[in-house]
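K.L.:
Quick one: the structure is below, questions incoming.
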Amino acid sequence: MTRYAEFGVGGSDPGSGLAASGVSGNSSTPGNSSSSSTSGTSSNPGSGLSQSFPGPPPIPGLVDVSFATTTDPAARETADLSGSGTGPGLVPPPGPAPDAPDPGPTEAFARAWATALSAAAATPLGFDHALRVVAPLAEQVVATPDDPDLARKIGVQAAGALIDAHCFQGACVAATVEVMDRHLPPYLRPETRSALRAGLASAFAEGLRERTRAEQSAIHEAVLTAYRAGEARFRTVFRNAALGIVITDKNGQVLEVNPALAEMLGVDAYAARGRTIRNLIDPTEPGEYWRGYNALLAGEQTEAEADTRIKRVDGGMVWTHVRTTAVRDDAGDVALVIALHEDVTERRRATDQLRHQATHDALTGLPNRVRLLDAVEELLRSAGPEDRLGLCFLDLDGFKGVNDTLGHQAGDELLTQIAHRLSAATDPRRHVVARMGGDEFVILFRRTQGPESVFPVIEQVLDAVRQPVLLDGHTVTVTASAGLVERPAAAASATELLRAADITLYWAKSAGKADFALFDEERNAREVHRYALAQALPAALESGEMFLEYQPIVDLAGGRPPMVEALVRWRHPERGLLKPEEFIPVAEETGAIVELGRWVLDRAVHDAASWPDGPAVSVNVAVRQVRDYALVREVDTALAASGLPARRLVLEITETALMDTEDDGLPGPGTLRTIADLGIGIAVDDFGTGYSNLARLRHLPATSLKIDASFIADLGNPEAARFAESVITSLVVLAHAAGMTVTAEGIETADQARRLTALGVDYGQGFYFSRPVPAERIQAVLEGLDAQG
């Protein structure tokens, strides 16, 4: 500070050290975001807060808050610092009164932050002063929303507050990061925490660069003024300057080196005279350094400025911020070159470590999501037209069980060991291994040669993961599932790659885990289509896009068809007429099948009631409906509202669904028995495709059995016809013995109809008799079939 004062500028010595900061381990808690901002002043009744101060400019999207400080001397004298550290000139923070309530999270954080800064600052910084600096930001940090963009802005404001308070040391930034990590909301995702640190690191580094430029400008002017004023004045300035200064002639021969630079480089100042500048200064990147120097000598520019890493005589390294200026004579030619070097080694270490914390996972040390996205973007920017790349999502199978049984500490140890194994199984020159959060990891593959070139690495990785791990005295074996996307770099984007890999990981999990799946564009298109249908289903019922058609069920012995089956159709406004197999599975997966099934039941019984002396109507019922106790009430309500007799309604349920409900002890069979007791028919649909015990047929509350269309189709195949006839004959015998009728589905030819009649099948259904038709046409179709006999 004394040296700077001689030049009429302010400054401080660089700080040292960066404390370690903790980040989330293997679990994170999602939560709702809340926002706040600082501005204005406030007081805190009941807490003795009396001094108010203005806050920094508010961040858009955050509400206004303010904070006040206490300056009670008695409280400061009796405060318990709880091991926070003290030193010369450090004023202990005031403690709460004996009967005062515990401070809230904002006040606790502000006090902890001020205490840490008071201890870390190289220049005297009392607790009260530190509290005035950090309090306006405390509310914003404690209420940081789970939004990386806003978190980054809060980090930028925190860095600005430190620089404005002359907290230039790396230890101040480290203390800030450490205290922040302890007080950040637990719901913040790792990427939000990383964004906060990244904003702090980048803004702190930029702010220090601006400060350095200002200081060097002032010192530079002071040096030139002293040089021109006379030898004595110049010597005083030159000798006492805190910044290193070297002066050379136009040929690069060293004329003067001041003590500060000699100490930086580890050389003798007197012995350095007469050497060439290239012999004295040994930058690790000489091309960039000397380009600026040569431009000065050539008159192409008047100043050059850069951060440079220089080798010391003893082999060590020192980072300096150097500003070089050419001094010209009266003729305009270069007479001298003056270079000012500020030692920024500790500052670089601090900012580099902050950047590392912002881009790496604290638990495993692997790159985090932020760094991974940067790596993907860098690879995409540098890729040639023929280059390819791959991205693999990897997720541990059963990791939750480790946390639940052995505890989160064991889970953290497992994640750490898995990270080491992934790094060992890959090549850092060709792959980037990152942790996304939780038990999910990512591997980026550079310059791939097609999917097959990546398979051996993934298999090696999965094999490494499944090796036993010793955790807290327990030998644990875990597996992993992986999803791989590999494609030309020209057709890729970082967001799309992550999405595709994540989807493919889900496929691998669904297929049985402990293996990997490869992204398939066609399958993805089907998945997207199914998702779109799932989103559109609820509105389709309201907008009238769903409608019913009816297909006759014919008595193979002759006569008027006794029944029709209601079949739902979807007239999609964009995709046209959709077949049931396109949207029924989607409805079953999403649960929309319950509402859809209720609508079909109401519509079908309403239509059937409008046919005087008409046929019975058969309605398909999903397994979710059968498992619902409300089904009996819904059926009874539909019949009562329409006036349709119970004997003219048949409910169809698949064989597999019926057996599942019985095995699970769910209300399915009991519900169906109650319905059957009302006189409503129960048909077992698609029989022969499941794995039910045929002997259990007599215990089912069913009145009819429908043989799956696949057996009917085999009747036309010479190689399969004999087996199909044997199965159909057996089913007919068993069904008749159990008091059920038999219906064959999917009849398309007269020959099939004749053979089924000969095998004893009672009823038939299929395109041979009629395609499904609208309700208003069904009477005419039935009369036509009756006339044909």
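The values are calculated or read from the model by the stated rules, or taken from the named source; none is laboratory data. Keep in mind the model is a prediction, meaning the values are calculated, not measured. Counting neighbours? That spans all protein chains shown, and the Cβs are built from the backbone with ideal geometry, glycine included.
K.L.:
Could you check how many residues of the range 480-522 are part of a strand (DSSP E or B) and in contact (Cβ under 8 Å) with a residue 60 or more places away in the chain?
P.N.:
Count: 11.
K.L.:
Within the range 119-131, track down each residue that is surrounded by 22 or more Cβ atoms within 10 Å (Cβ to Cβ) and either modelled with pLDDT of 80 or more or under 14 Å from ARG182 (Cβ atoms) (or both). Write out each step before concluding.
P.N.:
Keep residues of the range 119-131 that are surrounded by 22 or more Cβ atoms within 10 Å (Cβ to Cβ), which gives 120-121, 125, 127, 130-131.
Those that are surrounded by 22 or more Cβ atoms within 10 Å (Cβ to Cβ) and either modelled with pLDDT of 80 or more or under 14 Å from ARG182 (Cβ atoms) (or both): PHE127, ALA130, LEU131.
K.L.:
Looking at the structure I just gave you, is ILE458 touching a helix residue (DSSP H, G or I) at 6+ places or on another chain (Cβ under 7 Å), part of a helix (DSSP H, G or I) and closer than 24 Å to LEU498 by Cβ?
P.N.:
On the way: touching a helix residue (DSSP H, G or I) at 6+ places or on another chain (Cβ under 7 Å): no; part of a helix (DSSP H, G or I): yes; closer than 24 Å to LEU498 by Cβ: yes.
Against the criterion (touching a helix residue (DSSP H, G or I) at 6+ places or on another chain (Cβ under 7 Å), part of a helix (DSSP H, G or I) and closer than 24 Å to LEU498 by Cβ), ILE458 does not qualify.
K.L.:
Of the residues GLU574, GLU527, which is over 29 Å from GLU783 (Cβ atoms), free of Cβ contacts under 8 Å to residues at least 12 places away in the same chain and not polar (S, T, N, Q)?
P.N.:
Working: GLU527 fails: free of Cβ contacts under 8 Å to residues at least 12 places away in the same chain.
Only one candidate passes the filter, namely GLU574.
K.L.:
Right, PHE455: farther than 30 Å from VAL173 by Cα, at pLDDT 95 or above and surrounded by fewer than 18 Cβ atoms within 10 Å (Cβ to Cβ) or not?
P.N.:
Details: farther than 30 Å from VAL173 by Cα: yes; at pLDDT 95 or above: yes; surrounded by fewer than 18 Cβ atoms within 10 Å (Cβ to Cβ): yes.
Spelling it out, PHE455 is indeed farther than 30 Å from VAL173 by Cα, at pLDDT 95 or above and surrounded by fewer than 18 Cβ atoms within 10 Å (Cβ to Cβ).
K.L.:
Which helices (runs of 4 or more DSSP H) does the range 530-648 wholly contain that include 3 or more residues that are touching a strand residue (DSSP E or B) at 6+ places or on another chain (Cβ under 7 Å) and either crowded, with 16+ Cβ neighbours inside 10 Å or at pLDDT 95 or above (or both)? Outline the logic, then answer.
P.N.:
Details: elements: 580-590, 592-609, 623-626, 631-642.
Those helices (runs of 4 or more DSSP H) span 592-609.
K.L.:
For the range 349-363, state whether one or more residues are outside any loop (DSSP other than H, G, I, E, B) and closer than 30 Å to PRO451 by Cβ. Talk me through it step by step, then tell me what you get.
P.N.:
Our first condition is that a residue be outside any loop (DSSP other than H, G, I, E, B); within the range 349-363, this holds for 349-360.
After this cut, where a residue has to be closer than 30 Å to PRO451 by Cβ as well, the list is 359-360.
Yes: one or more hits.
K.L.:
Would you confirm, using the coordinates I've provided, whether GLY155 is on the phi > 0 side of the Ramachandran plot and modelled with pLDDT under 85? Reasoning before the result, please.
P.N.:
Details: on the phi > 0 side of the Ramachandran plot: no; modelled with pLDDT under 85: yes.
So GLY155 does not fit the description; no.
Table: residues versus (1) of a type in the set (D, E, K, R); (2) touching a strand residue (DSSP E or B) at 6+ places or on another chain (Cβ under 9 Å); (3) more than 19 Å from ASP395 (Cα to Cα); (4) in the same structural domain as LYS509 (by TED's automatic domain parsing).
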| position | (1), (2), (3), (4) |
| --- | --- |
| LEU414 | no, yes, no, yes |
| ARG430 | yes, yes, yes, yes |
| GLY437 | no, no, no, yes |
| PRO451 | no, yes, yes, yes |
| ASP463 | yes, no, no, yes |
| ARG466 | yes, yes, no, yes |
| ALA480 | no, yes, no, yes |
| VAL485 | no, yes, no, yes |
| SER493 | no, no, yes, yes |
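K.L.:
Among helices (runs of 4 or more DSSP H) lying entirely in the range 236-340, which contain 1 or more residues that are among the acidic types (Asp, Glu) and loosely packed, with under 15 Cβ neighbours inside 10 Å?
P.N.:
Details: elements: 259-265, 269-272, 277-280, 286-297.
The helices (runs of 4 or more DSSP H) meeting that bar are 259-265, 286-297.
K.L.:
Restricting attention to the range 676-687, does a residue exist that is surrounded by 14 or more Cβ atoms within 10 Å (Cβ to Cβ), in the same structural domain as ALA735 (by TED's automatic domain parsing) and modelled with pLDDT under 80?
P.N.:
yes
K.L.:
Pull up the range 472-492, narrow it to residues that are more than 18 Å from GLU440 (Cβ to Cβ) and surrounded by 14 or more Cβ atoms within 10 Å (Cβ to Cβ), then point me to the one that is farthest from the chain's Cα centre (by Cα). Please lay out each step first, then the result.
P.N.:
Narrowing the range 472-492 to residues more than 18 Å from GLU440 (Cβ to Cβ): 472-477, 486-492.
From what is left, the residues that are surrounded by 14 or more Cβ atoms within 10 Å (Cβ to Cβ) are 476, 486-487, 489, 492.
Details: VAL476: 27, GLU486: 20, ARG487: 22, ALA489: 22, ALA492: 19 Å.
Among those residues, the one meeting the criterion is VAL476.
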